[in-house]
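Quick notes on the structure that follows.
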Amino acid sequence: MEAIHLKTPLILSRTLSDRVGVRTYLKLDNLQPTGSFKVRGMGVATQRAKLEQDCISLVSSSGGNAGLATAYCGQQLGMHTTVVLPETATDLAKRKIASLGAEVVVRGGHWAESNAFAETLVEESRSSGGSKAVLIHPFDMPDLWEGHSTLVDEVREQLPEGVTPSAIFASVGGGGLLMGILQGVKRAGWREDVKVVPCETFGANALALSLERNERAEIAITSLAKSLGADKIGIEILAECLDGGYDIEPIVVTDEEAVGACLKFALDHGMLVEPACGASMAPLYYHGDRVRKLCGGGGEGRCIVVEVCGGGAFNSIEMLQGYASALGLDMNGNKA
Ligand SMILES: *Cc1c(COP(=O)(O)O)cnc(C)c1O
């Protein structure tokens, strides 16, 4: 079956290359259908559910990009999709998800409660012998990781002959995207040679804290980068980070830097992404020296790749303006 996700462009960013002093490429997964990388993993997971598990309906408990991508896949595959959202979900999220033909159910005060209800929906469908449903987790599911890993295969094919990354930057919430990237890096034979740089914001830094403590840390979410708001990393994902033999160097940025990076990226490249995505560009915009050092100064045949994970669907210029003025930033992403 043909993949549901698109092969996205890899572009050279002149402004970021100049800022950091290392050739920097952007993998534009913000151009995927529904505006984020999520459809890579959700596409594989939903196709397998349909073909291998004989499912006819999908359930998601995400009011964010994962729910939107699941609804899109359900629509593409002709499968009934239910998305369970907490009471805190915005009208925009409900409207966008419903516009893809999914049934929107509001249940629970926060994600864990919505997810518990989504699990009961799936159990009921199985025990009743009726329409078999499958729960598509937002980040903790092997089929997802396999789908996400395709982005590294594409990068390898798209980079100019003889160029390999010194470092790959990507945002981390629950760690699904990171796990996909690790798998892709391993497949490319880049494990020892390519640094993986997971990016988080303070108040959503469950991975950085876990790597520091060498055990799974649970945090209270305070960051405005909502798509990074997982209170802990998936168990298998953390184990792969700790024991997989990769060269991983996490970076944590402030909300201010994440929002500022969104504004600068909008000015430089004319595209709107979420603060969750800004987090992976913020080190290049605000910590060029550290980034240059981290990748050994670049050098002949080396470059930086940033996974532009996207998430513009729940963003708007007004929202970004609101964050900027609350944080004391002007519309160029500088301290006003
Ligand atoms: C889902 C998402 C993330 C985090 O991905 P995880 O797999 O949960 O780590 C980051 N940015 C955006 C825009 C997302 O949609």
Acute angle (nearest 10 degrees) that the helix 65-77 long axis makes with the longest principal axis of the chain, alpha-carbon atoms:
60
Once you've got the GNM for the chain with C-alpha springs shorter than 10 Å, pick whichever of TYR285, TYR323, TYR25 has the biggest mean-square fluctuation.
TYR323
Descending packing, highest mean Cβ count within 10 Å first, for 91-99, 204-212 is 204-212, 91-99
Karplus-derived 3J(HN,Hα), 6.51/-1.76/1.60, for each residue of the stretch 176-184, Hz, glycine and proline x:
x, 4, 4, 4, x, 5, 4, 4, x
About the Cα centre, and with charges only on the beta carbon of Lys, Arg (+1) and Asp, Glu (-1), how big is the dipole of the stretch 38-136? Nearest 20 debye, please.
360
So how strong a dipole does the chain carry about its Cα centre when Lys and Arg Cβ are +1 and Asp and Glu Cβ are -1, to the nearest 20 debye?
540
How large is the helix-only mean residue ellipticity at 222 nm for the chain, computed as the sum of -39500 (n - 2.57) over DSSP H runs with n ≥ 4, divided by its residue count, in deg cm²/dmol to the nearest 500?
-13500 deg cm²/dmol
Take the alpha-carbon centre of the stretch 1-72, take the same for the stretch 213-285, and report the distance between them in whole Å.
17
In Hz, Karplus ³J(HN,Hα) per residue of the stretch 278-286 (6.51, -1.76, 1.60; θ = phi - 60°; x = Gly, Pro):
x, 4, 7, 9, 4, x, 6, 6, 10
Computed E for SER127/GLU212 - FRET, C-beta separation, R0 35 angstrom, nearest 0.05:
0.20
Taking a probe of 1.4 Å and leaving out DNA, RNA and ligands, the chain shows per residue an accessible area in Å² of 40
Could you grab the relative contact order for the chain? Cα pairs under 8 Å, six or more apart, rounded to a whole percent.
20
Ignoring ligands, DNA and RNA, what percent of the accessible area of the chain is carbon or sulfur (1.4 Å)?
49
Classify the stretch 40-114 as rounded, prolate or oblate from the Cα gyration tensor: take a ≥ b ≥ c as the square roots of its eigenvalues, call it rounded if a/c is under 1.5, otherwise prolate when a/b beats b/c and oblate if not.
prolate
Sort 250-258, 216-224 for me by packing, meaning the mean count of neighbouring Cβ atoms within 10 Å per residue, highest on top.
250-258, 216-224
Can you tell me the length gained on complete extension of the stretch GLU157 to ASP54, counting 0.36 nm per residue apart and subtracting the Cα distance?
33.7 nm
Taking amide hydrogens as modeled 1.01 Å from N in the peptide plane, which residues meet the under 5 Å criterion relative to SER36, leaving out close sequence neighbours?
GLY311
Run the 1.4 Å probe and let me know the accessible area of LYS132, rounded to the nearest 10 Å².
80
Rounded to the angstrom and largest first, Cα extents along the principal axes for the chain equal 61, 45, 37
The stretch 38-136: relative contact order from alpha carbon pairs under 8 Å, six or more residues apart, as a whole percent, is 32
Among SER61, SER125, SER171, which one shows the biggest mean-square fluctuation in a GNM of the chain, springs joining Cα atoms closer than 10 Å?
SER125
Which whole-Hz couplings ³J(HN,Hα) result when phi for each residue of the stretch 213-229 is put into the Karplus expression 6.51 cos²θ - 1.76 cosθ + 1.60, θ = phi - 60°, listed in order with x for Gly and Pro?
8, 6, 7, 5, 9, 10, 10, 8, 7, 10, 6, 7, 7, 4, 6, 9, x
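The values are calculated or read from the model by the stated rules, or taken from the named source; none is laboratory data. The shown structure was predicted, so the numbers you read here are calculated from the model rather than taken from an experiment. Neighbour counts run over all protein chains shown; Cβ positions are idealised from the backbone, glycine included. Areas reflect the complete protein model, heavy atoms only, side chains present, ligands, DNA and RNA absent. Shrake-Rupley method; radii C 1.70, N 1.55, O 1.52, S 1.80 Å.
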